[in-house]
Structures are given as C-alpha cells and as structure tokens.
Amino acid sequence: MANLYVRALHVHPVKSVAGTAPDEVAVEPWGLSGDRRWALVDAGGAVITQRQQPRLALAAARPAGDGGIAVSAPGMAGLVVEVPGPGPLEPVLLFGKKIETVAAASAAADWFSDYLGVPARLVHLDDPAVRRPVDPAYALPGETVSLADGYPLLLTTLASLDALNSLIAQGDHPEEGPLPMNRFRPNVVVSGAEAWAEDGWGRLAIGDAVFRGARECSRCIVTTTDQSTAQRGREPLATLARHRRIGKSLAFGRQLVPVRLGTVRVGDEVRVLG
C-alpha cells in the first residue's frame, strides 16, 4: 500500500455552517474538538441544516475562546456567541430523535433569524458523553457523537474525489464538475490512497489516535449545494446513484469512531491496521 497522509483537517463548529481548517486538532470520543457542538433549530425544535436552508453554506463559524464561536455571513455584522451557562435543557429533534441541548443567548437567535429570514435559534450540545449515542446498528457500547448526522468523524480521500469527478465528466451533467471536496464536508482528507480504498478500512491510526471504520457515508442533497454560492445542482447524487450504491446508500467517504484518543495533524501518516 502506498504511503497515506492527512492532507487537510476540517472542523465545523455549527452544524451545516462553514468552519475552519486547522493544522492540528484533538480527537475527543465524539469527534474532533469543537466539531458540530452547535446547531440551529426551527420554531418547532427541529434541527435546521442545508437540507432546508442552503444559504447556511455562506455563513461561517470559528472558535472564539472557551468553546465560544464567532459567526459571520454575507450582509451581516459579525457576532461572538459564548457557551451558554447552566440552564434548562432544551430537547431538539435531529432525524426524529430527541437530543437535549442548551439554548444560546437571544442575540444569536436574532442574528440567524435575520440572516435566514425564518425563525431560528442557536443551541449548544453541552455534554456529548451522555446526550447522544452513535447509531446503534453500527455502534459499540458507550460510543457517542456530537451534533453530526450520525458518527463522530468523516474521512474522505483525494483519489476517490478524482474518480468521482471523472465519472461526472462522463455523465449527464458534466458542466457541474469537477466538484471540490467541500461539497462533502469531511473532517479528515487523506492523500495517497487508491480510489475507493477507504471502503475497506476497518481500523486505522492517525497521529496518536486510532479509529474504527464504522461504515460508508450515505450522501444526501447537501452535497448538491455549491458551498460558495448556495445554488443546487444534480451532482454528485446523480453519478453516485449510478456508480456508488452500497446497500441503500449513495456512498462517498468513511464514517469513523475514535477508539484511542490523541491529536491529529496535517501531514500525519495514516496507517491502515485492518
């Protein structure tokens, strides 16, 4: 096997909002430190993502000390949001399941509501260790996750993106390609692998950390959203539907669960253990 390396790391503090690309980041049991600990919810308490609001792609969030975040968006003055103090737990719905969170300050609700043009409140996942288990169909006892869709980390490879873009170029919507990696909102991007090799990675080490490859990542309509314009197309789902069906999934990337914590860095070697 060729040498594999971490090409990029991505942390998304607010679910479905653009994030940051640090050179190194600590791995926690529920994902990369600071990743998807915040989310927006609608008036009924359901989590809002780019599925419902593509313009979230144009907003951005970065760490702002002690777990807080600084948010920005076109036409909006920036806002710093502090981690909410102890308060009543607020149940929110993500894929129909309740997760207990804590509401952020009302200024954050006003800011996102003004930006999106619909009521939206910002909530914080105060304690992932007890709030949300990994999908029980693929989890081991005690595994938990942040406000990510289902698993602590998502890994993608540059070779698989190149292969997918080649397929798009030969398909019905070649004008939509080539797609950048940010369509897939990964946490770890790996270079040096063969296309689709990650499908078979059951256990791997990166830096000080070790991960279990839980399953393929099933892709949704968010991947059709241009992250720089918020406009939607047909790709990559049209091509994944033809070439990358795994069970019921239109697959791109590998879902990871930490089994040994540590720090991962851009440039780290990725060692496939099984």
task: Give the dimensionless ratio obtained when the Cα radius of gyration of the stretch 48-123 is divided by 2.2 N^0.38 Å.
output: 1.11
message: Looking at the calculated P(r) for the stretch 1-92, what percent of the C-alpha pair distances fall above 15 Å?
response: 67
query: L89 to E194: FRET efficiency via 1/(1 + (r/R0)^6), r the Cβ-Cβ distance, R0 35 Å, to the nearest 0.05?
result: 0.15
field: For the chain, calculated [θ]222 nm from helices alone, where every DSSP H run of n ≥ 4 adds -39500 (n - 2.57)
entry: -3500 deg cm²/dmol
statement: Total charge of the residues flanking A139 in space, meaning their Cβ is under 15 Å from its Cβ, with Lys and Arg +1 and Asp and Glu -1, is +2
- prompt: Taking H as built 1.01 Å from N, whose amide H comes closer than 5 Å to the amide H of V145, not counting residues under 5 places away?
  reply: R132, V134
field: the stretch 263-274 - phi-based ³J(HN,Hα) in whole Hz, Karplus 6.51/-1.76/1.60, Gly and Pro as x
entry: 10, 10, 9, 4, x, 4, 6, 9, 10, 7, 9, x
field: Environment charge of R254, counting only residues whose C-beta is closer than 9 Å and scoring Lys/Arg +1, Asp/Glu -1
entry: -2
- prompt: Counting other Cβ atoms within 10 Å of each Cβ, which trypsin sites (Lys or Arg not before Pro) in the stretch 173-255 have at most 16 and sit in a DSSP loop?
  reply: R234, K248
Cα long-axis angle, helix 158-169 against the chain (0 to 90 degrees, to the nearest 10): 80
With at most 16 neighbouring Cβ atoms within 10 Å, loop GluC sites (Glu not before Pro) (DSSP) excluded, longest segment of the chain: 83-193
- prompt: Check L153: other-chain or 5+ apart residues with amide H under 5 Å from its amide H, H built from backbone geometry?
  reply: L256
task: Could you work out the Kirkwood radius for the stretch 233-274, taking every pair of different alpha carbons, averaging 1/r and inverting it, reported in Å?
output: 13.5
message: Leaving out ligands, DNA and RNA, and with a 1.4 Å probe, what % of the accessible surface on the chain is carbon or sulfur?
response: 52
message: I need the trypsin sites (Lys or Arg not before Pro) found in the stretch 90-122, filtered to DSSP loop residues with at most 15 other beta carbons within 10 Å of theirs.
response: none
- request: Calculate, axis by axis, the spread of Cα positions in the stretch 135-200 along the three principal axes, and write the results as whole Å, longest axis first.
  value: 44, 23, 19
field: Dimensionless Rg/Rh of the chain - Kirkwood Rh, Rg from C-alpha atoms
entry: 0.95
task: Mind pulling the angle between the C-alpha long axis of helix 106-116 and the longest principal axis of the chain? Nearest 10 degrees, somewhere in 0 to 90.
output: 60
field: Surface accessible to a 1.4 Å probe, L58 within the full protein complex, Å²
entry: 50
query: Per residue, how much space in cubic angstrom lies within the convex hull of the C-alpha atoms of the stretch 179-274?
result: 109
message: Around P22, under 12 Å between beta carbons, what's the net of Lys plus Arg minus Asp minus Glu among the other residues?
response: -1
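The values are calculated or read from the model by the stated rules, or taken from the named source; none is laboratory data. Bear in mind the structure is a predicted one, so any value in this text is a computation, not a measurement. Counting neighbours? That spans all protein chains shown, and the Cβs are built from the backbone with ideal geometry, glycine included. For the accessible areas, the whole protein counts, side chains as well, though only heavy atoms, and no ligand, DNA or RNA atoms are used. Shrake-Rupley method; radii C 1.70, N 1.55, O 1.52, S 1.80 Å.
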